[in-house]
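Student: One structure follows; several queries about it will come next.
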Amino acid sequence: MDHHSALAAALGLALKQRGYLLTLAESCTGGMAAQAITSIAGSSDWFDRGFVTYSNAAKIEMLNVSNSTLETYGAVSEQTAAEMAMGALKNSHAQVAGSITGIAGPSGGSVEKPVGTVCFALVGTYLPMFTCTQRFAGDRTAVRQQATAFILAALADRLNVPNGLT
């Protein structure tokens, strides 16, 4: 079992124990996290759906991300990640949502947001909003793989924190 599969299996166990369904909204990872999840037999018990919203238009149309948030903070921001996660939750049957938006490279970076900058959000019916920004090193594939591992581990961690669910 590879690293992503092991993380997805741990996440699945945490969700299944609570009777929760998960939804994901992915941009720079292009569905890599959903692929890791759906490679696990039985994941239909705890995974509802994934949204791959690569363009700003997709984020607006599928996840209800506001145009003003995109204009003010950019697609790669914790604000956009939070709206992506909330939109995924609203447009699914899930109780838990995670989102990923970032710059995988090799181009597209800036001084403020260099290649490897990835923003995440986790939220749920019983899970307070959590956002963070990570900087990953390596090429495009490495950034995407690290972002996928991060979201899977972060979701499992948040679900398993005592009193993490309110």
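The values are calculated or read from the model by the stated rules, or taken from the named source; none is laboratory data. Note that the structure is a prediction, hence the values are computed from the model and not measured. No Cβ is skipped: glycine too gets one built from the backbone with ideal geometry, and neighbour counts run over all protein chains shown. Calculation scope for accessible area: heavy atoms of the full protein, side chains included, ligands and nucleic acids excluded. Shrake-Rupley method; radii C 1.70, N 1.55, O 1.52, S 1.80 Å.
Student: Yes or no: region 35-42 includes at least one residue that is surrounded by 22 or more Cβ atoms within 10 Å (Cβ to Cβ) and under 11 Å from the mean Cα position of the chain (by Cα).
Tutor: no
Student: Which condition number in (1) under 14 Å from A147 (Cβ atoms); (2) in contact with a strand residue (DSSP E or B) (Cβ under 8 Å, 6 or more places away or on another chain); (3) open to solvent by 30 Å² or more (accessible area, probe 1.4 Å) is the one that H4 fails?
Tutor: Only one criterion in (1) under 14 Å from A147 (Cβ atoms); (2) in contact with a strand residue (DSSP E or B) (Cβ under 8 Å, 6 or more places away or on another chain); (3) open to solvent by 30 Å² or more (accessible area, probe 1.4 Å) is unmet by H4, namely (2).
Student: May I pose another question? Quick one: count up the residues across region 21-57 that are within 27 Å of S77 (Cβ to Cβ) and either part of a helix (DSSP H, G or I) or touching a residue at least 60 places away in the same chain (Cβ under 8 Å) (or both).
Tutor: Matching residues across region 21-57 total 18.
Student: Within region 116-126, can one find any residue that is open to solvent by 60 Å² or more (accessible area, probe 1.4 Å) and either over 20 Å from G31 (Cβ atoms) or touching a strand residue (DSSP E or B) at 6+ places or on another chain (Cβ under 6 Å) (or both)?
Tutor: So far as region 116-126 goes, yes, one or more of its residues are open to solvent by 60 Å² or more (accessible area, probe 1.4 Å) and either over 20 Å from G31 (Cβ atoms) or touching a strand residue (DSSP E or B) at 6+ places or on another chain (Cβ under 6 Å) (or both).
Residue by residue, here is whether (1) within 21 Å of A10 (Cβ to Cβ); (2) open to solvent by less than 20 Å² (accessible area, probe 1.4 Å) holds:
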site: S55; (1), (2): no, no
site: V65; (1), (2): no, yes
site: L70; (1), (2): no, yes
site: E83; (1), (2): no, no
site: G87; (1), (2): no, yes
site: I100; (1), (2): yes, yes
site: S107; (1), (2): no, no
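Student: Here is a check on your reading of the model: is G50 open to solvent by 20 Å² or more (accessible area, probe 1.4 Å) and touching a strand residue (DSSP E or B) at 6+ places or on another chain (Cβ under 7 Å)?
Tutor: Judged against the criteria, G50 is a match.
Student: Being among the small types (G, A, S), touching a residue at least 60 places away in the same chain (Cβ under 8 Å) and either over 26 Å from W46 (Cα atoms) or not in a loop (DSSP other than H, G, I, E, B) (or both) is the filter here, so list the residues in region 60-94 that pass it.
Tutor: Passing the criteria: A85, G87, A88.
Student: Here is a further query. Tell me yes or no: at least one residue of region 73-81 is farther than 29 Å from K16 by Cα, over 14 Å from the mean Cα position of the chain (by Cα) and open to solvent by 10 Å² or more (accessible area, probe 1.4 Å).
Tutor: Looking through region 73-81, at least one residue is farther than 29 Å from K16 by Cα, over 14 Å from the mean Cα position of the chain (by Cα) and open to solvent by 10 Å² or more (accessible area, probe 1.4 Å).
Student: Which residue, of A137, A142, A104, is without any contact (Cβ under 8 Å) to a residue 12 or more places away in the chain, of a type in the set (A, V, I, L, M, F, W, C) and farther than 30 Å from Q17 by Cβ?
Tutor: A142
Student: So which residues in region 122-163 are outside any helix (DSSP H, G or I) and hydroxyl-bearing (S, T, Y)?
Tutor: Answer for region 122-163, where residues must be outside any helix (DSSP H, G or I) and hydroxyl-bearing (S, T, Y): T125, Y126, T131, T133.
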